[in-house]
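Engineer: Quick one: the structure is below, and I'll ask about it shortly.
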Amino acid sequence: MTSSADEGQFLNMLLKLINAKNTMEIGVYTGYSLLATALALPEDGKILAMDINRDNYELGLPIIEKAGVAHKIDFKEGPALPVLDQMIEDAKYHGTFDFIFVDADKDNYINYHKRLIDLVKVGGVIGYDNTLWNGSVVAPPDAPMRKYVRYYRDFVLELNKALAADPRIEICMLPVGDGITLCRRLS
Ligand SMILES: C[S@@+](CC[C@H](N)C(=O)[O-])C[C@H]1O[C@@H](n2cnc3c(N)ncnc32)[C@H](O)[C@@H]1O
């Protein structure tokens, strides 16, 4: 479930290039992309990290601690959507995130986008992971696919179409890892 090494390296470089300081990650698992993010942020950088499973986060936590970057992480256990809903209700969070990485339940990406677009700052970036979804997004519908790939394929296709048509962002879809779509907020 972890992101690939090239994606970790890419995220790390991207965050440095955009001078990211205040970030969010939805979908932590054992913390590979979280570590890549934490290493890229300045000493006073912050990551709001959310996952429904704390055990997996704690499995990787000793490595994050060894790297000396655990103090940048605020981990919240539970589904991300209610947390986003709370933040949306409080204007102080609007337009405050430099970077948001989404790597969780694909069937909720559209719901995340509806909220994240207000939380990311103008000029900030949202990265949606797995937008190539094992290459299935360009495969004919009747091509053989694993069951879970077929199940989420329509959600990823719907997201890709919605992002391409969203006038509030400009996008760049990179074939890094399983595909990552970067969305830069325009207005
Ligand atoms: C692909 S893994 C994340 C991998 C991680 N970003 C990395 O690079 O190592 C997806 C994670 O999303 C989490 N997840 C699934 N549904 C979620 C939800 N509704 N809210 C928050 N996290 C969720 C899962 O528990 C799982 O750990």
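Engineer: Condition check: acidic (Asp, Glu) and over 28 Å from LEU132 (Cα atoms). Does GLU43 satisfy that?
Structural biologist: yes
Engineer: How many residues does the range 41-88 hold that are within 14 Å of the ligand (Cβ to nearest atom) and among the small types (Gly, Ala, Ser)?
Structural biologist: Going through the range 41-88 one residue at a time, the tally reaches 4.
Engineer: While we're here: What single numbered condition from (1) surrounded by fewer than 20 Cβ atoms within 10 Å (Cβ to Cβ); (2) part of a helix (DSSP H, G or I); (3) in contact (Cβ under 8 Å) with a residue 40 or more places away in the chain fails to hold for SER33?
Structural biologist: Evaluating SER33 over (1) surrounded by fewer than 20 Cβ atoms within 10 Å (Cβ to Cβ); (2) part of a helix (DSSP H, G or I); (3) in contact (Cβ under 8 Å) with a residue 40 or more places away in the chain leaves (1) as the failure.
Engineer: Within the bounds of the range 58-69, is there any residue that is more than 20 Å from ILE169 (Cβ to Cβ) and in contact with a Ser or Thr (Cβ under 8 Å, 6 or more places away or on another chain)?
Structural biologist: The answer is yes, given that some residue of the range 58-69 is more than 20 Å from ILE169 (Cβ to Cβ) and in contact with a Ser or Thr (Cβ under 8 Å, 6 or more places away or on another chain).
Engineer: Just to be sure I understand, how many residues within the range 1-26 are near the ligand (Cβ under 8 Å from one of its atoms) and surrounded by 13 or more Cβ atoms within 10 Å (Cβ to Cβ)?
Structural biologist: Matching residues across the range 1-26 total 6.
Engineer: Consider the range 6-30. How many of its residues are in contact with a Phe, Trp or Tyr (Cβ under 6 Å, 6 or more places away or on another chain), within 16 Å of ALA80 (Cβ to Cβ) and either part of a loop (DSSP other than H, G, I, E, B) or acidic (Asp, Glu) (or both)?
Structural biologist: The qualifying residues number 2.
Engineer: Which of the residues belonging to the range 1-54 are at pLDDT 95 or above and among the β-branched types (Val, Ile, Thr)?
Structural biologist: Matches in the range 1-54: ILE18, THR23, ILE26, VAL28, THR30, THR37, ILE47, ILE52.
Engineer: Okay, moving on. Which residues, counting only those in the range 95-141, are of a type outside the set (S, T, N, Q) and near the ligand (Cβ under 10 Å from one of its atoms)?
Structural biologist: Listed by number, the residues that qualify are PHE101, VAL102, ASP103, ALA104, ASP105, LYS106, ASP107, TYR112, ASP129.
Engineer: Moving to a separate point now. Select from the range 90-131 the residues that are closer than 20 Å to TYR32 by Cα and among the hydrophobic types (A, V, I, L, M, F, W, C) and list them in ascending order.
Structural biologist: Once the filter is applied, which keeps residues that are closer than 20 Å to TYR32 by Cα and among the hydrophobic types (A, V, I, L, M, F, W, C), the range 90-131 yields PHE99, ILE100, PHE101, VAL102, ALA104, VAL125, ILE126.
The values are calculated or read from the model by the stated rules, or taken from the named source; none is laboratory data. Everything quoted here is computed from the prediction, not taken from an experiment. Virtual Cβ from ideal backbone geometry, glycine too; neighbours counted across all protein chains shown.
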